[in-house]
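*Asks:* One structure is given below, represented as C-alpha cells, and several questions about it will come after.
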Amino acid sequence: MSENDLTGLFDAALAAQRAAYAPYSGYQVGAALRTASGRIFAGCNVENASFPTGICAEAGAISAMVAAGERAIAEMLVLGDGEVLTTPCGACRQRIREFAAPETPIHVADRNGIRASFTQSSLLPHSFGPDNLAASRRD
Ligand code: THU
C-alpha cells in the first residue's frame, strides 16, 4: 500500500461523504475501495423516508465496482464524523467479505485522516462466504 493509494481512497471517500443523503440520521458516511487494477469506486449513504430502505456507503461503493465489471476489493476506506469510529456495520462487513480477501485492509477515517486500520477477517471472523456454498454443492 503506497501513500498515493491511500490518498486517492481518502479523497474519494471524503468527496462521497460530502454528497451523502442523510437527512434523517444526520450521519454522513463516505466509502471508497480500490481494486487490484487500481481503479477506485466510491459510495455514500442514501437514506429514505421509509427508514429501512436506506443504504450504506459501503454498499454503494461495492455496487459501483460490480457494475463496472470488477470483483475484487484490494483496499477499502470508510469515512465518517464523530468521536466513535465509523466502523462498517454488520451487514456491510458481510458485503465486503464477499469481494475481499481475509487480509484486505479496511481503514476507518474521519475528515482529518485515518484513525484505525483493520483487516477484513478481523472485522468479520469465522465468516460465511462463497466457499461455504461451494463445499456443499453436489452438481
Ligand atoms: N452507515 C453507513 O453508511 N455505513 C456504515 O457502515 C454504518 C452506518 C449509515 C447508515 C445510515 O444512513 C447512517 O449511517 C446512520 O446509521
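*Asks:* If I go through segment 52-63 residue by residue, how many of them are surrounded by fewer than 19 Cβ atoms within 10 Å (Cβ to Cβ) and touching a Phe, Trp or Tyr at 6+ places or on another chain (Cβ under 9 Å)?
*Replies:* 2
*Asks:* Also, I was wondering about something else. For Leu6, which of the numbered conditions (1) open to solvent by 40 Å² or more (accessible area, probe 1.4 Å); (2) over 12 Å from the mean Cα position of the chain (by Cα); (3) aliphatic (A, V, I, L, M) fails to hold?
*Replies:* Leu6 satisfies every listed condition except (1).
*Asks:* Give the number of residues within segment 81-100 that are exposed (fewer than 13 other Cβ atoms within 10 Å of the Cβ), of a type in the set (A, V, I, L, M) and more than 21 Å from Ala15 (Cα to Cα).
*Replies:* Matching residues across segment 81-100 total 1.
*Asks:* If you don't mind, there's one more thing I want to ask. Conditions first: (1) without any contact (Cβ under 8 Å) to a residue 12 or more places away in the chain; (2) closer than 21 Å to Arg18 by Cβ; (3) within 16 Å of the ligand (Cβ to nearest atom). Asn112 passes all but one, so which condition is the exception?
*Replies:* (3)
*Asks:* Next up: Being more than 16 Å from the ligand (Cβ to nearest atom), without any contact (Cβ under 8 Å) to a residue 40 or more places away in the chain, open to solvent by 20 Å² or more (accessible area, probe 1.4 Å) and not in a loop (DSSP other than H, G, I, E, B) is the requirement here; does Ser117 meet it?
*Replies:* No; evaluated as a whole, the condition is false for this residue.
*Asks:* I would also like to ask the following. Output the number of the condition that Ala36 fails; it satisfies all remaining conditions of (1) at pLDDT 95 or above; (2) more than 11 Å from the ligand (Cβ to nearest atom); (3) of a type outside the set (Val, Ile, Thr).
*Replies:* Condition not satisfied by Ala36: (1).
The values are calculated or read from the model by the stated rules, or taken from the named source; none is laboratory data. In this text, all values refer to a predicted model and were calculated from it rather than measured experimentally. Cβ: placed from backbone, ideal geometry, glycine included. Neighbour counts: every protein chain shown. Areas reflect the complete protein model, heavy atoms only, side chains present, ligands, DNA and RNA absent. Shrake-Rupley method; radii C 1.70, N 1.55, O 1.52, S 1.80 Å.
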